[in-house]
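Please treat every number below as a calculation from the coordinates, not as lab data. Small disclaimer: the values here were computed from a predicted structure and weren't measured. Neighbour counts run over all protein chains shown; Cβ positions are idealised from the backbone, glycine included.
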Amino acid sequence: MNKTIGAAILGLVIGGVLSWGIMYVRLLQPVEQRAARAEAAREEASKAAKSLEGQLKEAQQQAVDKLQAVEKLQAARKAAEQAIGEAKGQLAAALSGKEAAEKAREAADKAAADLKGQLAAAVSAREAAEQALAEAKKSAAPPQ
């Protein structure tokens with residue numbers, strides 16, 4: 001009877017172990033496989049997240065670079081507008097100077113014309129005086 005009870009217990013132990021083995025193979029092994037696949041998927045997701053973080057940082061840096069370029073262009077535009085304003089001022093001053101120079105030239109031309117008239121009158125007066133002097137010398141000369 002001890003052998004029978006021992007065989008029965010041994011049968012129960014073997015049955016339990018076999019049941020446990022079957023349960024492990026049927027239930028736990030697929031769970032472990034799913035857990036392993038989930039871990040692999042998590043690692044892939046982590047790698048993808050790191051890659052996306054790198055791309056995000058790169059995009060942010062590019063955005064900062066573009067913003068700095070825009071700021072530089074705006075500063076250059078302001079400087080160009082200021083230079084244009086100064087050039088307009090210089091052009092207005094030059095045009096004003098040109099007008100003043102033209103007026104001065106016209107005044108100088110008028111003065112030169114007046115002086116030419118005076119010179120012509122003086123030359124005529126001198127010629128008349130020389131002629132009068134020559135006549136006066138002729139009339140004052142003693143007859144010979």
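Can you spot the lysines whose alpha carbon is less than 29 Å from Lys78's alpha carbon? Ignore those fewer than 8 places along the same chain. Reachable lysines: Lys66, Lys88.
Based solely on its DSSP helices, what 222 nm [θ] is calculated for the chain when runs of n ≥ 4 H residues each add -39,500 (n - 2.57) and the sum is averaged over all residues, nearest 500 deg cm²/dmol?
Helices in the chain give a 222 nm mean residue ellipticity of -35500 deg cm²/dmol.
Here Lys103 is the anchor, and the aspartates and glutamates within straight C-alpha reach of less than 18 Å, apart from those fewer than 8 places off in the same chain, are Asp114.
Dipole magnitude for the chain: computed about the Cα centre from +1 point charges on Lys and Arg Cβ and -1 point charges on Asp and Glu Cβ, it is near 720 debye. Set the Cα radius of gyration of the chain against 2.2 N^0.38 Å, with N its number of residues, and you get 4.12. Given the options Ala104, Val64, Ile84, identify the residue whose Cα lies farthest towards the positive end of the charge dipole of region 58-125 (+1 on Cβ of Lys, Arg; -1 on Cβ of Asp, Glu). The residue sitting most towards the positive pole is Ala104.
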